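The values are calculated or read from the model by the stated rules, or taken from the named source; none is laboratory data. Note that the structure is predicted; figures quoted are calculated from it, not measured. Glycine also receives a Cβ, built like all others from the backbone with ideal geometry; neighbour counts cover every protein chain displayed.
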Amino acid sequence: MKSSQNAARVKFPIGVKLALIIGFIVVLSLGTVTFLNSYLQTKDVRLTAEENNLTMNTRSANSTEDKFTTIRSNVFQLLDLLNVVSGGRNSALSRQAQAFFFERNPDIAAICILSEDSMSVENPSDQKMINSRFFVANEIDESVQNQFLQENADSLERACRGETLALNASPFFTRPAMALLFPYKENGRDQCCVITFSTESLTDILGTGSLNTTFLINSSDDLLVHPDTDRILYGENMKNHPLVRAIRDSNQNNDSARQIPFNETDEATGEKIPYFGAYQRLSIGEIAVLTIVPLDTVLEGVRDTTRNNFYLTAAVLFVSIIFILVFSRFSISLHLRKLTLATEEIQHGNFNTPLIAKLNTKRKDEIGVLNRGTRDEQEFLNTFAKFTNQGVAKAIATKSIDFEPHLKDCTIFFSDIRGFTKISDGFKTRFGNESAAEIITFLNDYMSRMVNCVTLSHGNIDKFEGDAIMGVWGILREDDLSYEKLPDSDPEKTRLRNEHERHVKEDAINCIRGIIAMRYSLMEYNKAAEAFTLAHQNEPKARYKPHIQIGCGINTGRVTAGVMGGGEKMEYTAIGDAVN
């Protein structure tokens, strides 16, 4: 069987495998940590944000109610003072008290005591106290106050009947302002007290630069106070706001009911944006204080942390892969590559390759074990080749030998030592019981010279039989006799036959060259043996080197080549008439 060996190509290097394994571990571990951290932190931040939003709403509601209560208290104290001043509310002392009041309360624009029909008829009990400084400082005409009252005549009637109301005055005053309408009774007449004041200070209190947005609405869902001034100047109504709708549907005012998550649709993109909402109703004028915060803003820090964790994971993964690739290349792959090249040389029959000597056998890891095993295998293969045949051993290693019996035209060589029985007796006479070892040493010296001549002439030693040597030239030649089956008229047959005959002729010539080399080698041996014997003739136990003459025979012919033997012992040889 004949097969060609190609250099092994690694399709999936061990460095890549290690990089993938380490990369998977890094991604799995850091990914799991990032996911759990993001999930738990998101849950915690959501809860904290919701609680903070409720806390801020409660604080804003308390501040707002304190503000309104203070305004009402101060105004009613002024009215009580004016009622007891001698000379009535139009006296100089009353005007001075009003001036002192507006000086200490510059945000209040006007205080009006009105009746249900004040917008249609003049009542002597009605009174309007205008803070002229407020209108001059803000460049507002004082008639705006009357326009505002005329526009909200219905609300005045409701207030006179006992309701406390809050109205948005900003569209009339072109600046943040509102009015509180309180029921007021004087001299048994049902009236109302309209307090118009600026809400800029209240806006500053509610909008403290936090992520949360706090605003106020009245019982009609009109926007009273909002950080976005344009919305209250426009007179926006919030009845369609998701949080306002949820408030109107809820009749509870406990902490859990006051926290309402909702989604608001972005008008520009149509995307639903999640919010946390909280509210609290005030005891004054059915005013509701609402505080909202977008969930995306709350979770921005968590998402930044998650994003940074992903960047860290990518960085660690990159560094790990680079480190593993470099480590595997110089600590594993490079040594495995050397080992691979050495084993490839062995597979090609080069048992004495110098690459094996370069393997690091001092390593204490698995690669060191493999290197030492490869070096031991080299020694075994060299020994194995000596017991069989160097050419046959190489052919077996490269799988280029045909183990099935087949015909071949070879040149066969036989040789033996003339008078070997007499030489053996000489060893027995000289060395006695030690003659066997001396004979083997003598034959090894002789045969190593002969084997060298056969090998150098491209022949193969078939076997040793005592002092006889059988060599074959052409038994491992890579050609066959299949051309003989072709018709004589086929030019391919002529070409193949001529090529085959040329190879057979070369084998015969190489055999003759080997025999000539044996002759010269034997002459050198005999010359050296004679000199050695002469130099040690007085030493009875000196090494015995007799003079050698050999006889040889050669024949070229067709033989049957193949493996002979059984499961325990086999040899590759040639048999046939040409051998006999």
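Observations
- Summed over the stretch 206-226, residues that are within 50 Å of the chain's Cα centre (by Cα) and either in a strand (DSSP E or B) or surrounded by fewer than 17 Cβ atoms within 10 Å (Cβ to Cβ) (or both) total 7.
- Among all residues of the stretch 472-485, there is at least one that is surrounded by 15 or more Cβ atoms within 10 Å (Cβ to Cβ) and part of a strand (DSSP E or B).
- Scanning the stretch 530-569 for residues that are exposed (fewer than 14 other Cβ atoms within 10 Å of the Cβ) and polar (S, T, N, Q) gives GLN537, ASN538, GLN549.
- Residue match in the stretch 176-194 (condition: outside any helix (DSSP H, G or I) and within 48 Å of the chain's Cα centre (by Cα)): no
- Only one of the listed residues (ASN138, ASN123) is more than 19 Å from ARG72 (Cβ to Cβ), in the same structural domain as LEU79 (by TED's automatic domain parsing) and touching a Phe, Trp or Tyr at 6+ places or on another chain (Cβ under 8 Å). That residue is ASN138.
- Filter pass, ASN263 being part of a strand (DSSP E or B), surrounded by fewer than 14 Cβ atoms within 10 Å (Cβ to Cβ) and at pLDDT below 90: yes
- Looking across the stretch 318-344, just one residue is loosely packed, with under 15 Cβ neighbours inside 10 Å and small (Gly, Ala, Ser), and that is SER331.
- Within the stretch 133-149, the presence of a residue that is under 60 Å from the mean Cα position of the chain (by Cα), over 24 Å from SER91 (Cα atoms) and not in a loop (DSSP other than H, G, I, E, B) is excluded.
- Some residue of the stretch 52-74 being under 47 Å from the mean Cα position of the chain (by Cα), aliphatic (A, V, I, L, M) and at pLDDT 85 or above: yes
- Criterion applied to VAL451, VAL472, VAL504 was being over 25 Å from GLN549 (Cα atoms), at pLDDT 90 or above and among the aliphatic types (A, V, I, L, M), and the one residue passing it is VAL504.
- Evaluation of LEU40 against the conditions (1) over 32 Å from the mean Cα position of the chain (by Cα); (2) surrounded by fewer than 16 Cβ atoms within 10 Å (Cβ to Cβ) shows that the sole unmet condition is (1).
- Of all positions in the stretch 43-54, none carries a residue that is in a helix (DSSP H, G or I) and either within 30 Å of LEU325 (Cβ to Cβ) or among the aromatic types (Phe, Trp, Tyr) (or both).
- Pair list, Cβ < 7 Å and 6+ apart or interchain, from the stretch 415-436 residues that are over 15 Å from HIS547 (Cβ atoms) to residues that are surrounded by fewer than 13 Cβ atoms within 10 Å (Cβ to Cβ): SER415/GLY551; ASP416/GLY551
- When LEU243 is tested against (1) assigned to a loop (DSSP other than H, G, I, E, B); (2) among the aliphatic types (A, V, I, L, M); (3) closer than 17 Å to LEU211 by Cβ, just one condition goes unmet, and that condition is (1).
- Residue among SER115, SER120, SER132 that alone is surrounded by 15 or more Cβ atoms within 10 Å (Cβ to Cβ) and either over 19 Å from MET178 (Cβ atoms) or of a type in the set (Gly, Ala, Ser) (or both): SER115
- Residue check for ILE287: modelled with pLDDT of 85 or more and assigned by TED's automatic domain parsing to the domain that holds ARG258: yes
- Residue in the stretch 372-387 that is modelled with pLDDT of 70 or more, over 25 Å from MET518 (Cβ atoms) and in contact with a Lys or Arg (Cβ under 8 Å, 6 or more places away or on another chain) present: no
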